[in-house]
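Only the coordinates and a few stated rules stand behind these numbers; no lab work does. Everything numeric here is computed off the predicted structure, so don't read it as measured data. Cβ placement follows ideal geometry from the backbone for every residue including glycine, while neighbour counts extend to all protein chains displayed.
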Amino acid sequence: MLRSPPEPESEEISLYISTYYSLLRSSGEVRVRAFEEGHAYSGSSLHAGALDEEPDLSAFAYAAARLPDDMPDVDLIILGQSHELFEAAGYDVRQWKIAKTRGRRRPLRYDGNGKLAVFIASASDIDDLVPIVTAYQIEWNKIHNRLRRVAPSPEAMVEATRDPVALAAALGVSVEDAQKLLDAFGPARLERGGRALYDRPLDLRVRMLAASYSQYQRAAQRWWSGIEPAYVKRTEPRRPPVYFVSSNTHALANLVGGYARSHADEIVAWARLRDPEGLGDEVARVAALNDPTQLAPLLYYLLRQYIHSSSGTSKMNEVRAFEATKGLVHLSEPGHIDVDAQIAHLRELDPELLDPRLKMPGIERLKKSDAVLVNIDYPLGMAAYHLLSRLGQGVGEVRGIYIMGKAATLNGRVGDVMLSGNVYDEHSKNTFLFKNAFTARDVAPYLRHGSVFDNQKAVTVRSAFLQNKEYMDAFYSSGYTVLEMEAGPFLGATYELVNPRRVPTDEVVHLSAHTPFDVGIVHYASDTPYSRRQSLLSKSLSFFGVDATYACAIAIVRRVIELEVARLA
């Protein structure tokens with residue numbers, strides 16, 4: 001018998017969410033300090049030290065990595081959905097400089113004078129950003145107060161930032177935690193951030209411009225308008241059938257674009273000379289084996305560093321141009337929406353340059369295929385619903401929907417892969433049941449370090465911060481072991497592609513009976529909230545994490561090729 005999940009949000013988290021949404025309805029500016037009490041008492045698992053006097057440097061580092069380098073100078077954060085909304089409110093954001101973060105892909109503009117404009121693509125951006133900013137301010141002010149007591153001058157603070165041991169002594173924390181603070185700023189902004197931490201407390205303000213559901217839909221329309229010309233060629237008699245994939249853009253490009261493998265000698269020579277991350281000897285050893293399957297993961301991992309080792313954008317342009325000649329077109333920020341897309345016409349792919357793990361009998365039949373693989377780069381939360389809904393309106397026959405994402409696992413380890421056929425969605429309160437196109441045997445042959453767990457149950461959460469131990473315990477006791485942010489919205493959009501009504505709320509939704517195409521969802525573990533040894537706050541996936549990413553991507557692309565080869569037979 002199907003057991004419904006428990007009530008997903010604790011009373012404290014529900015109160016916190018209600019607090020910031022009610023306050024942000026104001027037409028004026030709201031001080032972030034108004035969110036602090038609700039945030040601190042929510043018991044967030046990512047901000048366990050919110051109520052402590054001692055700084056929680058893990059939470060600060062997590063938040064800082066998802067905010068721009070200019071954040072120490074920001075006073076006002078403005079949330080809006082389009083350039084028109086910002087300009088109507090008097091903010092000429094087109095003239096502001098582009099700002100970037102390390103841990104979130106979100107369009108940002110900074111005016112150079114304390115104002116940060118944040119483009120929101122869905123309500124999930126609000127649920128993500130508000131707790132991040134609130135945690136950042138809470139911990140900034142703790143650190144500031146402690147530094148003012150122990151550091152005699154800003155110069156002394158800057159000097160301390162050059163030595164984790166000295167900084168740890170000044171703050172009264174471990175050296176490991178002090179290093180997290182240094183990593184939070186990064187080398188480029190360390191001195192500036194250290195001075196700002198000493199000089200002033202934070203009193204951030206937030207203003208949300210009139211947000212509307214229709215504006216989210218308009219943003220999705222602009223995004224699709226930037227993709228459509230590459231999807232439908234003028235010579236096509238009709239809109240081609242589509243295999244839709246949501247993953248990262250580097251894995252699919254490396255698997256089917258062929259640049260890394262065709263330039264293997266150059267990348268190996270560069271790695272032996274530069275020894276990036278101490279991998280030079282390993283690259284030389286594997287290259288000597290003359291086994292492309294073993295060398296490929298290293299080539300893929302090092303390609304990004306190889307590209308950026310050259311000044312300017314010429315090397316990246318070279319890679320994009322090469323991939324385009326092999327059937328893969330990359331679209332950066334289509335419609336000025338920060339979700340990149342890739343279009344691969346299957347008949348144009350070069351079988352000789354495909355990753356050797358994709359080869360299979362009959363692959364030559366792809367030359368007769370009319371299908372297009374559309375891959376988009378990890379939308380956040382409810383943006384997944386809006387983008388897939390709009391894509392579904394603009395394409396021909398849908399032959400498969402495949403989602404790859406990162407997740408927290410309650411029963412595994414970082415680098416494991418989880419496959420679910422049951423997803424509870426906090427946004428719609430629905431439980432989606434579907435036949436996952438993937439099982440453990442589809443992924444396990446390509447995973448070297450971790451394990452694969454199928455028949456799991458997933459929860460789509462509103463935000464990484466909006467979870468506490470009570471919350472996780474309740475789900476874990478009901479058999480839910482995967483916490484992630486996009487599966488529910490994607491499944492809601494999938495429901496609307498094959499049903500004559502909008503996705504319901506608070507129901508058990510059986511997708512398997514009504515979906516005429518493949519649906520596959522794979523998650524790789526980037527966080528283990530129940531483990532004290534590995535955490536999203538401190539664990540970098542690096543080369544170890546790429547193993548799980550590529551195992552998932554290989555399973556997805558193999559599934560697409562298998563289905564298309566079988567259809568063409």
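List of remarks:
- Net +/- balance of residues flanking L354 in space, Cβ distance below 15 Å, scoring K and R +1, D and E -1: +1
- Residue (of Y259, L171, G488) at the positive-pole extreme of the chain, dipole from beta-carbon charges: Y259
- MRE, 222 nm, helices only [DSSP H, n ≥ 4, -39500 (n - 2.57), over the chain, to nearest 500]: -13500 deg cm²/dmol
- With Cα atoms defining each centre, region 292-324 and region 366-438 are spaced 27 Å apart in the structure.
- Across q = 0.11, 0.12, 0.13 Å⁻¹, the chain modelled as identical point scatterers on its alpha-carbon atoms has Debye log10 I(q)/I(0) values of -1.10, -1.32, -1.53, in the order of the q list.
- Separation of the D473 and V175 label points, Cα + 7 Å toward Cβ, nm: 3.6
- Cα pair distances exceeding 28 angstrom across region 11-208, given as percent: 26
- Close amide H partners of K457, meaning residues 5 or more places away or on another chain with modelled amide H under 5 Å apart, are T481, V482.
- Residue order for Y306, Y476, fewest other beta carbons within 10 angstrom first, comes to Y476, Y306.
- Residues whose amide H lies under 5 Å from that of R399, counting only those 5 or more places away or on a different chain, are V242, Y243, F244; hydrogens are built 1.01 Å from N in the peptide plane.
- Per residue, the Cα convex hull of region 284-368 amounts to 127 Å³.
- Folded to 0 to 90 degrees: helix 213-231 orientation relative to the chain principal axis, Cα: 40
- Ordered by the number of other Cβ atoms lying within 10 Å of each residue's own Cβ, fewest first, D527, D370 fall into the sequence D370, D527.
- For N317 and R567, a Förster radius of 41 Å and the Cβ-Cβ distance give a FRET efficiency of 0.70, rounded to the nearest 0.05.
- Per-residue ³J(HN,Hα) for region 107-117, Karplus 6.51 cos²θ - 1.76 cosθ + 1.60, θ = phi - 60°, Hz, x for Gly and Pro: x, 10, 9, 10, 8, x, 9, x, 10, 10, 9
- Charges were assigned to the Cβ only: +1 to each Lys and Arg, -1 to each Asp and Glu. The resulting dipole of the chain about its Cα centre is roughly 1160 debye.
- Nearest 10 degrees, 0 to 90: helix 542-568 Cα axis against the chain principal axis: 30
- Cross-link table K326/K435; K97/K469; K315/K367; K180/K469, entries beyond 31 Å C-alpha to C-alpha: K326/K435; K97/K469
- Ranked E176, E53, E496, criterion: other C-beta atoms within 10 Å, fewest first: E53, E176, E496
- Scalar couplings 3J(HN,Hα) for region 365-372, obtained by applying the Karplus form with A = 6.51, B = -1.76, C = 1.60 to θ = phi - 60°, are 5, 4, 4, 9, 6, 9, 8, 10 Hz; x denotes Gly and Pro.
- Antiparallel DSSP beta bridges within the chain, as percent of all bridges there, nearest 5: 40
- Helix 175-185 axis, angle to the chain major axis (alpha carbon atoms, nearest 10°): 70
- Gain on full stretching of the segment that runs from D275 to R149 - 0.36 nm per residue minus C-alpha separation: 41.1 nm
- If you plug the beta carbon distance of S212 and A284 into 1/(1 + (r/R0)^6) with R0 = 45 Å, you get a FRET efficiency near 0.20.
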